[in-house]
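Beneath this line is the structure, given in structure tokens, with notes to follow.
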Amino acid sequence: MVSVNTAHYTYRVAWSGQDGEHVATVAEMPSLSWLAPTPLEALDGLADLVRDVVADLEANGEPVPVPLSERSYSGKFVVRVPPDLHRRLATEAAEQKISLNRLVSDRLARVS
């Protein structure tokens, strides 16, 4: 029995001009994909494949990827930037009277 809810994985469907079909992918298992003529067929095919792969991993005692939606996130990550960019961002943050963290966080929020 599959203990991971495979419906909680991060699925995407896009048109593949190269293949002339829709391709479904799953972020937690980047090596898996499924091609089909319609988006729904691609998604259904991949969902079946993911269920089979997860069942096989579990049956063999191998680690099963945790869905991104069920992972814990601290809200912290480190980004290395060139010193001149760091200086420019720190200067801009000071001019706006906000923290460097707030400036960068606001900019990242606008990108997504």
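The values are calculated or read from the model by the stated rules, or taken from the named source; none is laboratory data. Treat the numbers as computed from the prediction; the structure is a model and nothing was measured. Glycine also receives a Cβ, built like all others from the backbone with ideal geometry; neighbour counts cover every protein chain displayed. The area values use the complete protein model at the heavy-atom level, side chains included, leaving out ligands, DNA and RNA. Shrake-Rupley method; radii C 1.70, N 1.55, O 1.52, S 1.80 Å.
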Which of Ser112, Leu68, Asn101 sits farthest toward the positive end of the charge dipole of the chain, with +1 on the Cβ of Lys and Arg and -1 on the Cβ of Asp and Glu?
Asn101
Counting only protein heavy atoms and rolling a 1.4 Å probe, one gets per residue an accessible area for the chain in Å² of 74 Å²
Report the local net charge at Glu58: Lys and Arg +1, Asp and Glu -1, summed over other residues whose C-beta lies under 15 Å from its C-beta.
-3
Note down the relative contact order for the chain as a percent, whole number, built from C-alpha pairs under 8 angstrom at least six residues apart.
21 percent
Candidate values (1) 12.9; (2) 11.9; (3) 10.4, label of the one derived for mean projected area of the Cα convex hull in nm²
(3)
Over the chain: helical MRE at 222 nm, DSSP H runs n ≥ 4 each giving -39500 (n - 2.57), nearest 500:
-14000 deg cm²/dmol
Mind putting a number on the dipole of the chain about its Cα centre? Charges go on the C-beta only, +1 for Lys and Arg and -1 for Asp and Glu, and I need it in Debye to the nearest 20.
1060 debye
In the chain, carbon and sulfur make up what percent of the accessible area (probe 1.4 Å)?
56 percent
For Asp84 paired with Asp106, estimate the spin-label separation in nm (one decimal), with each label point 7 Å from Cα along the Cα-to-Cβ line.
2.5 nm
Of the candidates Arg80, Arg51, Arg71, which one comes out as most mobile in a Gaussian network treatment of the chain with C-alpha springs shorter than 10 Å?
Arg80
Can you name the helices of the chain, as whole DSSP H runs, whose Cα span along the helix axis is 18 Å or more and whose Kyte-Doolittle mean is not below -1.0?
39-59
Long-range amide H partners of Ser16 with built H, under 5 Å
Glu21, His22, Val23
